[in-house]
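The values are calculated or read from the model by the stated rules, or taken from the named source; none is laboratory data. Source: prediction; values computed, not measured. No Cβ is skipped: glycine too gets one built from the backbone with ideal geometry, and neighbour counts run over all protein chains shown.
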C-alpha cells in the first residue's frame, strides 16, 4: 500500500544575524549616509562660491572705469614764474583757481614798475651797492633763470631787512634751505631771503621788522654750495590773492642801487 506523499517543508527563513552584526551594519549604513550628505554639502558650497565669484567678476567688469585724477600743480613750480619751489613736506595754501590747470605764466620784470619800493637796504651787513652783481637773468637749469641776485658773504654774516614790513612765512625748503618771506607795508611786494644759516632771535611769522634790522645770518642751506655761502635775495610783485608763494619776479639789482 502506497504511503501518501509527504508535502515539502515550508520555506525556512534564514537565520537572523547576531545582534552585534546588526548594529554594525546599521552604523555603517548611517555613516555612509552622513558621508554622502557631507559630500553634497561641500559640493553645494563650492558651486555657490563659484557662482558668487563669477557674479562679482561680471559686476566688476561692467562697472565704469574711474579716470585718474590729475595732480594739481604745486604752488612753487619749477618755471620762471615763481620765486621758489614748494618746500617738501610742508603744507601749502591751496592755489587759486587760476592755477588749477597749470602754473601761472608770469614774466619776470627786468625793469621795476613805477610804484616799486625805493630806498631799500642792501640786505647783507657790510656789503655796499657797488659790490653787488646782477645775476637776475642767470640760468639755473631746467629752463629756469635765477630771478634773484646772490650776495656773497661769509657764513654767519648778519642778514638785514631790506625794508619795513612783516615776516609772513618761515620754513625749510629743499632748494632755498632756511628761508624767510617778508611783505612790505603796502602788502603789494614780497622780499625773499634764502640759504640762511638761521633766524635772528625773536624772528617769527607775524613779526614786524624795520629796515636794517637783523633777521638772520648768511649761510649755505638748501642747494647752495657749502664753499660759497651767500644770500639769495628776491623781490616779487604779489598777485591779486596776495599769496606769499605767488608773485611776479622783479630784478632787485636796480632797487638796491646797483649800477
Practice task
Answer yes if at least one residue in segment 246-253 is surrounded by fewer than 24 Cβ atoms within 10 Å (Cβ to Cβ), in a loop (DSSP other than H, G, I, E, B) and on the phi < 0 side of the Ramachandran plot, and no otherwise.
Solution key: no
Practice task
Could you tell me whether segment 236-248 includes any residue that is closer than 25 Å to residue 112 by Cα, out of contact with any strand residue (DSSP E or B) (no Cβ under 6 Å at 6 or more places or on another chain) and modelled with pLDDT of 95 or more?
Solution key: no
Exercise for the section: Among residues belonging to segment 146-165 that are modelled with pLDDT of 95 or more and within 18 Å of residue 238 (Cβ to Cβ), point out the one that is surrounded by the fewest Cβ atoms within 10 Å (Cβ to Cβ). Expected result: 164
Handout entry: Subset of segment 211-240 (residues that are surrounded by fewer than 21 Cβ atoms within 10 Å (Cβ to Cβ) and within 18 Å of residue 165 (Cα to Cα))
Key = 211, 212, 213, 214, 237, 238, 239
Handout entry: Residue in segment 166-176 that is without any contact (Cβ under 8 Å) to a residue 40 or more places away in the chain, touching a strand residue (DSSP E or B) at 6+ places or on another chain (Cβ under 9 Å) and either surrounded by fewer than 16 Cβ atoms within 10 Å (Cβ to Cβ) or closer than 24 Å to residue 119 by Cα (or both) present
Key = no
Exercise for the section: Please determine, by comparing only the residues of segment 114-145 that are modelled with pLDDT under 90, out of contact with any strand residue (DSSP E or B) (no Cβ under 7 Å at 6 or more places or on another chain) and exposed (fewer than 13 other Cβ atoms within 10 Å of the Cβ), which one is nearest to residue 214 (Cα to Cα). Expected result: 115
Handout entry: Test result for residue 194, surrounded by 24 or more Cβ atoms within 10 Å (Cβ to Cβ) and either at pLDDT 95 or above or outside any loop (DSSP other than H, G, I, E, B) (or both)
Key = yes
Fill in the blank from the handout: Of 206, 202, the only residue that is at positive phi and under 29 Å from the mean Cα position of the chain (by Cα) is 206
